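Here's the structure, in structure tokens; my notes come after.
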Amino acid sequence: MINGDLSQGRRFEAVNDILERYCFRARYLIAVLQEVQELYRYLPEEVLMYVATGMGLTPSQVFGVVTFYENFSLEPKGKYVIRVCDGTACHVRHSDPILSAIRKRLELKPGQPTTPDLMFTLETVACLGACVVAPVVSINGEIHGQMTPDRIVNMIDELSRREEHAII
């Protein structure tokens, strides 16, 4: 049920199921937020309010956790999250042209991390921990080393083709 367009009623029903599994206990807030984000690919404000109420927390407590941890997002993310490493090893081995190739292929404007169809999100990160195979890109957590601009564009094209065939 990973889907950003759940109806309002089903949205809260799914969140309620998550809260029930964690017995509505505040100590499980991070785990609850992780599951909610997996469900919607981000943390919608109205859902966070529902979580706060359900767990007996204030909205500011929940938003404080969400904004503290970098892995949580208040903005919708694409089905495929592409992270380009821009750490020292990757930068020296030319991660910038890879980043530019992705932006061009996905037609992303400056400051726009996600495609309008919510298929792809582009992020840069300080390190992916695979410096030996730099430059590195991850797609939904899967590491791809020794990346080139042509290779990443081919990977994006392949993912796009898969999605087109999945719809038909």
remark   = Counting only residues 5 or more apart in sequence or on a different chain, those whose built amide H sits under 5 Å from that of G78 are T121
request  = Using a 1.4 angstrom probe on heavy atoms only, work out the carbon and sulfur share of the accessible area of segment 36-168 in %.
outcome  = 54 percent
Surface accessible to a 1.4 Å probe, per residue, for the residues of segment 32-168, Å² = 56 Å²
message = Sort 37-44, 121-128 by the packing proxy (mean of other Cβ within 10 Å over each peptide's residues), most packed first.
response = 37-44, 121-128
Charge-dipole axis of segment 1-113 as Lys and Arg at +1 and Asp and Glu at -1 on Cβ define it, positive-most pick from V92, V36, I102 = V92
Computed helical MRE - 222 nm, the chain, DSSP H runs ≥ 4 contributing -39500 (n - 2.57), nearest 500 = -15500 deg cm²/dmol
message = Among (i) 106; (ii) 129; (iii) 116, only one was calculated for this model; which label is it, if the read-out is volume of the Cα convex hull per residue in Å³?
response = (ii)
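The values are calculated or read from the model by the stated rules, or taken from the named source; none is laboratory data. These numbers were taken from a predicted model, which means no experiment stands behind them. Glycine gets a Cβ as well: all are built from the backbone with ideal geometry, and neighbour counts include every protein chain shown. Surface accessibility is based on the protein's heavy atoms, side chains included, excluding ligands, DNA and RNA. Shrake-Rupley method; radii C 1.70, N 1.55, O 1.52, S 1.80 Å.
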